[in-house]
Amino acid sequence: MNRLKIILLNRGHLFMTFGLTIGLVFSILPILGFDLIYFPGDMGDGRLNLIFLEHAHKFFTGQLITSYWDITFMHPEPNVLAYSDNLIGSAPFYSIFRALGYDIYSAYQAWFITVSALNYISAFYFLKYVFKNNYTAVIGAFIFAFSIALQSQMTHAQTFPRFAIPLAFLMAYKFGESYKIKDFFLTILFVVYEIYCAIYLGFMLVIPIAIFLISILIKHYKKEGKFDKIWFLKLLAAGVVNLLILLPLMLPYMGRSITPNFGHLSHLLPNVPTFKSYFFSQKGSLIWDFLSQTANDYRSWWNHQIFAGGVATLSYIAVIIIIAYKLIAKKFKDISLIQRLILSGIITLFLYLRFYNISAYTFIYFLPGFSSMRALQRIINIELIFFAIATVFILNKFFKKKPLINLILFTVLFSLTVTDNYFNSEKTYRFSIAEAKERTETLDSILVDIPKYSIISVEPSIKSKRIAFTQIDAMLMAQKHDLKCINGYTATSPKGYSSYWNNPNPESRNKWLQVNKAKFDALYIIDPIKKTVEITSINFKD
C-alpha cells in the first residue's frame, strides 16, 4: 500500500512538472526570448519595477545608507517608495540571483521565471487538494499561471508574483474542513504575504477570501448553533497577529492614501471591467485575434484586455449556470465547500463589474485603502484562480476510472488549453536588454566620476518624446552609482513635482527644490546629450 502511494505521488509530481515545463517553454521563455535578450514590460514600468527590486536587494544586503522607504530618487522628498508598489515580498528571489553574480537584467529575468513557476506550482497543489485529480489540476494551474489574460498585465511586473493567492485559498479550504485556528491563521498570513508581494493584488484578494471565510463561519454557526468563545477569541487573535505583521508595510502608505469621495470614484469607474472586458483579447492570440477590437473605445483600453481564453471562459459560464440551478433547486440549502468557494468567485466577479457607470465596486471603494487603487482591471489576476477552479470543476466530470482513457483525454484537453492560450511573443510587451543598456551608456560613463551619495539632476538639453524613460534612465544609473537624484517617476508624484516630472530643466527643478526649502552644498547637473556636468549649490531658506 505504501509503495502504491509513492507511485501515485510521483505520478502527480511528474504531471505537475510536465505542465510547468510546457508553460515555461510556450508562455514564459518566448517573452524573454530563448536567447534571453528581452525583459518583460517596457522601458517605463518594466525598468521602474527593476529599480524597486534592486533597491530591496541593496536593503537586504546592507548597502543602503538611508531607510528602506527613502529610495534614492525624487530627492529630497521623504518616503518616496510609498508612492508605488515596492515588491519587497518577492524581492528575495531576485536578490538570490544578484548574490549569485547575475547582473540586474539577468536577475530580473530569473525572478520572472521563478515567480511564474511558483504561480503554477501553488495553483497545482491547491487544485489537486480540492478536486483530487492530477490531470485537471495541471490544466487548471496552467490557466492560472499562463493564461492569455496575463498578456495585458505584462507591463505591470508587480502583478507577476501571485503564488500566495492559491495558497491562501488552500488554507481557507482546509479551514472550512477542519475549523482549525492554524489553517485560519495561515489563510490570513498568505493574504498578508500577497500584500507584501503586490499591494494591489493583496488588497483585491481580501474580498473573495473574506467572502469565503464568512460563508464558512456561517456554516459552522448553523451546524453548532453557537461559536465556542475560546475558539472565536483565538480566531480574532490570529487576525490581530497578522495585522501586526502587515503594519510595518502599511504605515508608510497611510500618509499617501486618498480620502474616498464620489468625485474620485467617478474618475475610477471606467477602470472597472465590463462584460466586454472579459471578451477582449490582446492582439497576438493564435485563435482569438477577432476579439482584439472588442472594447477599443474604452479609456485605458489596453488594461481591459482580460479575456481568459475559450476553455476557461466557457467553463466559468457553465459553472455559473450549474451553481445557479443547484442553489435555486435546493433553495440555498446544503451548499458544499466547493460550491461556497465557487460562489465566492462569482460574487467577486460581480462586485468588480461595471454596467455603464453603475458598479457594486462603489461599496468596496469606501473600504480603507481601496480608494488608492486605480487599475482595477488587475482583478483578473485574482479571478484567474476562479477561472481555473471552474475549468477543473467541469473537466473532472469527464474523467473516469480508466487510466488509458484518462491519459488520452488529458492529452487532448491539455493540448487544447495550451493552444487556446498560445500567444505570439512578437506581440507581447517586452523590451530589448541591449537597447535598455544602450540608453544609459553615456550617463553611466558620466556618473562614474561623481562622488558616491552626491545629489544629481539629469537635465537633457533636448526634451525626449518619452520623458518618463529619460527620468528612469537617471534613476537607474543613480541607483547603480549610489547617488541621489532629483529625477523620478512613480504611479503618482508629490505636490509641486509635476512640472519637473514632465520637463526636467533649471526652472522646474528650482521650483521643486524651493517647495522643499532644499539646501545642498553641491548639486551635479548633468546633460547626457552634451556630456556636460555643472556643479552648483542650492540654499532655499525658510
Next item on the list: Kindly identify the stretch 206-353 as rounded, prolate or oblate by the Cα gyration tensor criterion: order the square roots of the eigenvalues as a ≥ b ≥ c, call it rounded if a/c is under 1.5, otherwise compare a/b with b/c, prolate if a/b is larger, else oblate.
Entry: oblate
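Per residue, how large is the accessible surface of the chain? Use a 1.4 angstrom probe and give square angstrom. Write down the numbers at each step before the final one.
Working: 24000 Å² over 542 residues.
With the other protein chains kept in place, the chain gives 44 Å² per residue.
Would you mind getting me the FRET efficiency between Asp521 and Leu367? Use the beta-carbon distance for r and R0 = 30 Å, nearest 0.05.
On the way: r = 47 Å, r/R0 = 1.55.
My answer for the efficiency is 0.05.
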Next item on the list: Give the accessible area for Asp85 in Å² (nearest 10); use a 1.4 Å probe, count only protein heavy atoms, and leave out ligands, DNA and RNA.
Entry: 10 Å²
Next item on the list: Rounded to the nearest 500, what is the 222 nm mean residue ellipticity of the chain from helices alone, with -39500 (n - 2.57) per DSSP H run of 4+ residues and division by all residues?
Entry: -18500 deg cm²/dmol
Item checked: Inter-part distance where the stretch 47-95 and the stretch 387-443 are each reduced to a Cα centre, Å -> 32 Å
Next item on the list: Using +1 at the Cβ of each Lys and Arg and -1 at the Cβ of each Asp and Glu in the chain, identify which of Ile211, Ser277, Pro528 lies farthest towards the dipole's positive end.
Entry: Ile211
Notebook entry, point to check: Which parts of the stretch 132-152 would a label at Arg11 reach, counting a residue when its backbone N lies under 11 Å from a point 7 Å out along Cα-to-Cβ?
Noted result: 134-135
Notebook entry, point to check: Is any residue of the stretch 433-455 close enough, with backbone N under 12 Å, to a label point placed 7 angstrom from the Cα of Thr66 along the Cα-Cβ axis, and if so, which?
Noted result: 453-455
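How many percent of the accessible area of the chain is carbon or sulfur, using a 1.4 Å probe? Don't skip to the answer; put the middle values down first.
Details: 15470 of 24000 Å².
The nonpolar share, carbon plus sulfur, comes to 64 percent.
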Notebook entry, point to check: Size of the dipole of the chain about the Cα centre, Lys and Arg at +1 and Asp and Glu at -1 on the beta carbon, nothing else charged, in debye to 20?
Noted result: 2360 debye
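I'm a student and want to see the number: the projected area of the Cα convex hull of the stretch 316-382, averaged over all directions, in nm². Don't jump to the answer; show the numbers that get you there.
Details: hull surface 23.5 nm².
With every direction weighted equally, the projected area is 5.9 nm².
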Note to self: Through the Karplus equation 6.51 cos²θ - 1.76 cosθ + 1.60, θ set to phi - 60°, convert the phi angles of the stretch 164-173 into ³J(HN,Hα) values in whole Hz; use x for Gly and Pro.
What the structure shows: 6, 5, x, 5, 5, 5, 4, 5, 5, 5
Notebook entry, point to check: Given H placed on each backbone N at 1.01 Å, which residues far from Leu483 in sequence or on other chains put an amide H within less than 5 Å of it?
Noted result: Tyr453
Notebook entry, point to check: If you stretched the chain out fully between Lys222 and Thr21, how much longer would it get, using 0.36 nm times the residue separation minus the C-alpha to C-alpha distance?
Noted result: 67.8 nm
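At 0.36 nm per residue, and after removing the present C-alpha to C-alpha distance, how many nm does the segment from Ser464 to Tyr129 gain when stretched out fully?
Working: separation 335, 0.36 × 335 = 120.60 nm, distance 5.29 nm.
115.3 nm is the gain from fully extending Ser464 to Tyr129.
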Notebook entry, point to check: How many nm is it between the label spots at Ala237 and Phe275, if each spot is 7 Å from the Cα in line with the beta carbon?
Noted result: 5.0 nm
Notebook entry, point to check: Whose amide H sits under 5 Å from the amide H of Ser292, counting only residues 5 or more places off or on another chain, with H placed in the peptide plane?
Noted result: Ser281
Checklist line | Inter-centroid distance (Cα atoms) of the stretch 491-542 relative to the stretch 289-365, Å | finding: 48 Å
Item checked: Modelled FRET efficiency - R0 35 Å, Val412 with Met254, Cβ distances, 0.05 increments -> 0.10
Item checked: Accessible-area value, Thr72, 1.4 Å probe, nucleic acids and ligands omitted, Å² -> 40 Å²
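Provide the FRET efficiency to the nearest 0.05 for the His267-Leu404 pair, computing r from the beta carbons and using R0 = 41 Å.
Numbers: r = 58 Å, r/R0 = 1.40.
According to the calculation, E is roughly 0.10.
Going from most exposed to least, what order do Ile209, Ile358, Ile287 have by accessible area with a 1.4 Å probe?
Numbers: Ile209 5, Ile358 125, Ile287 75 Å².
So, going from the largest accessible area down, we get Ile358, Ile287, Ile209.
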Next item on the list: Provide Tyr105, Tyr325, Tyr356 ordered by accessible surface of protein heavy atoms (probe 1.4 Å), highest first.
Entry: Tyr356, Tyr325, Tyr105
Note to self: Among [x] 33, 28, 24; [y] 43, 26, 22; [z] 39, 30, 23, only one was calculated for this model; which label is it, if the read-out is semi-axes √(5λ) of the Cα gyration tensor in Å?
What the structure shows: [y]
Next item on the list: Would you give the gap between the C-alpha center of the stretch 16-37 and the C-alpha center of the stretch 156-186, rounded to a whole Å?
Entry: 26 Å
Check: Using heavy-atom solvent-accessible surface (probe 1.4 Å) with all chains present, what is the largest-first order of Ser445, Ser90?
Finding: Ser445, Ser90
Next item on the list: Show the residues, 5+ positions off or on another chain, whose built amide H is closer than 5 Å to the amide H of Phe423.
Entry: none
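The stretch 267-378: percent of C-alpha pairs farther apart than 20 Å?
That fraction is 51 percent.
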Next item on the list: Report the extension gain between Phe355 and Ser499 in nm, rounded to one decimal, defined as 0.36 nm multiplied by the number of residues separating them, less their alpha carbon distance.
Entry: 48.2 nm
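The values are calculated or read from the model by the stated rules, or taken from the named source; none is laboratory data. Please read all numbers here as calculations on a predicted model, not as lab measurements. Cβ atoms come from the backbone with ideal geometry, glycine included; neighbour counts cover every protein chain shown. For the accessible areas, the whole protein counts, side chains as well, though only heavy atoms, and no ligand, DNA or RNA atoms are used. Shrake-Rupley method; radii C 1.70, N 1.55, O 1.52, S 1.80 Å.
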